[in-house]
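Each remark here refers to the structure printed beneath this line.
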Amino acid sequence: MTLKRILIQLGVAGFLVSSLLLSQDAAATTKQKKVVAKATATKVQANVKSTRNKKQIAKSPRAAKVVAVAPKPSYGQLAGLHGKQDALDLKSSVAFVVDQDTKEVLFSKNENAVLPIASITKLMTGVVVSEARLSMDETIEITQADVDTEKGSSSRLRVGTELSRGELLHLALMASENRAAHALGRTFPGGLQHFVGLMNQKARILGMTDTQYVEPTGLNSRNQSSAKDLATLVNYAYSDATLRELSTSTGYQVEVGNRTLQYNNTNRLVKNPAWEIGLQKTGYITEAGQCLVMQAKIAGRKLIMVFLDSAGKLTRIADAERVRKWVETGHPATGTKSSPLALRGFDSRIATN
């Protein structure tokens with residue numbers, strides 16, 4: 001074999017080896033590109049799926065709760081009333097405690113502030129219904145007109161439910177049943193607006209100059225009053241045995257068709273043996289905060305207590321407990337002096353028909 005032929009054969013072999021290597025490199029590169037392309041596609045799909053999930057989560061009710069904005073402040077919070085400190089460290093922005101017999105004001109905090117009073121309204125609703133001397137056995141039907149369109153609150157009294165006036169009054173005062181209270185006003189002789197007019201007329205007669213009512217349930221935030229006015233109302237309502245009995249009832253059952261509905265008092269203190277409560281009413285809407293008015297006997301004294309705009313579900317109860325313990329330990333009044341203005345209407349005894 002000549003040198004030239006050997007060189008030619010070596011050149012051909014080298015070309016073949018080079019081609020084979022290039023082919024393998026190209027295949028590897030193509031495979032890498034496919035892997036990269038597949039990984040990129042997977043990432044894109046994951047991003048799309050993630051975006052879809054985020055959109056679905058944003059639309060879901062549960063997500064809405066997670067990202068929900070802070071609750072609306074009450075009128076008292078907007079007015080800065082919660083910033084005022086007091087000796088008892090009460091959580092209610094408004095408080096007023098007065099001796100029912102001596103008229104001595106034991107404690108007061110922002111007592112002149114005029115605020116929404118929520119279902120404390122129903123105490124005046126009860127006064128007007130009770131003093132009208134209407135038949136408590138008369139049957140009243142719950143209609144669509146009694147359904148709450150103000151706050152959208154629920155009720156176990158369905159449209160078409162028939163109960164007596166006495167049963168509705170019991171549920172309104174004890175369990176703060178809104179449809180019951182509205183039905184009492186709607187079916188009052190003369191109609192709802194006449195009934196509301198009588199509520200306001202009664203407030204004026206009692207000297208409650210800070211008070212106005214626009215409907216009988218308290219769901220409307222334009223139902224407003226001051227702690228002083230509400231103390232006057234509690235004192236007056238206490239003279240009515242029916243209102244005392246119904247407002248302090250611990251529980252009540254009503255028969256609705258083939259169902260028996262059990263209702264309980266909205267004020268847990270009526271079941272507490274440490275308390276001797278003669279009359280009470282609770283209330284709550286966002287604008288008013290948690291509210292409570294009571295007549296109670298503490299350390300041998302008959303006291304009227306008003307707590308408005310308390311921030312927290314149990315704080316109004318805790319504030320009442322603080323006041324009770326404070327009175328029981330014999331602490332003197334906080335320096336607040338009673339005045340005719342503070343106690344206007346306390347000696348009023350309006351004759352009833």
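Ignoring ligands, DNA and RNA, what percent of the 1.4 Å accessible area of the stretch 276-318 is carbon and sulfur? Kindly include the intermediate steps, with their values, before the conclusion.
Values: 650 of 1270 Å².
C and S atoms contribute 51 percent here.
At 0.36 nm per residue, minus the direct Cα-Cα distance, what do Glu276 and Gln193 gain on full extension? Give it in nm, one decimal, please. Numbers along the way, then the final one.
Numbers: separation 83, 0.36 × 83 = 29.88 nm, distance 3.64 nm.
Result for the pair: 26.2 nm of gain on full extension.
Could you work out the local net charge near Arg133, counting Lys and Arg as +1, Asp and Glu as -1, over the other residues with Cβ closer than 15 Å to its Cβ?
-2
At Glu104 and Gln212, where each label point lies 7 Å from the Cα along Cα→Cβ, what is the point-to-point distance in nanometres?
3.7 nm
Which far-off residues, 5 or more places away or on another chain, put their amide H under 5 Å from the one on Ile140, with H placed in the peptide plane?
Here the answer is Leu163, Ser164, Arg165, since their amide H atoms fall under 5 Å of that of Ile140.
Using a Förster distance of 35 angstrom, determine the FRET efficiency expected from the C-beta separation of Leu314 and Arg222, and round it to 0.05.
That pair, Leu314 with Arg222, gives E of 0.80.
Please tell me which of these pairs span more than 21 angstrom C-alpha to C-alpha: Lys72/Lys109; Lys103/Lys302; Lys91/Lys313?
Table pairs above 21 Å Cα-Cα are Lys72/Lys109.
In whole percent, and with a 1.4 Å probe on the protein chains, what portion of the accessible area of the stretch 110-232 is carbon and sulfur? Each step should come with its number before you reach the end.
Values: 1930 of 4350 Å².
That fraction is 44 percent.
Need the full-extension length gain, Ala241 to Lys325, defined as separation in residues times 0.36 nm minus the C-alpha distance. One decimal, nm.
Result for the pair: 27.5 nm of gain on full extension.
Probe of 1.4 angstrom, ligands and nucleic acids ignored: what's the accessible area per residue over the stretch 103-234, in square angstrom? Write out the running numbers ahead of the final one.
On the way: 4510 Å² over 132 residues.
Dividing the accessible area of the stretch 103-234 by its residue count gives 34 Å².
The values are calculated or read from the model by the stated rules, or taken from the named source; none is laboratory data. Model, not experiment: these values are computed from the prediction. FYI the Cβ positions are ideal-geometry reconstructions off the backbone, even for glycines, and counts take in every protein chain you see. Just the protein is used for accessible areas: all its heavy atoms, side chains included, with ligands, DNA and RNA removed. Shrake-Rupley method; radii C 1.70, N 1.55, O 1.52, S 1.80 Å.
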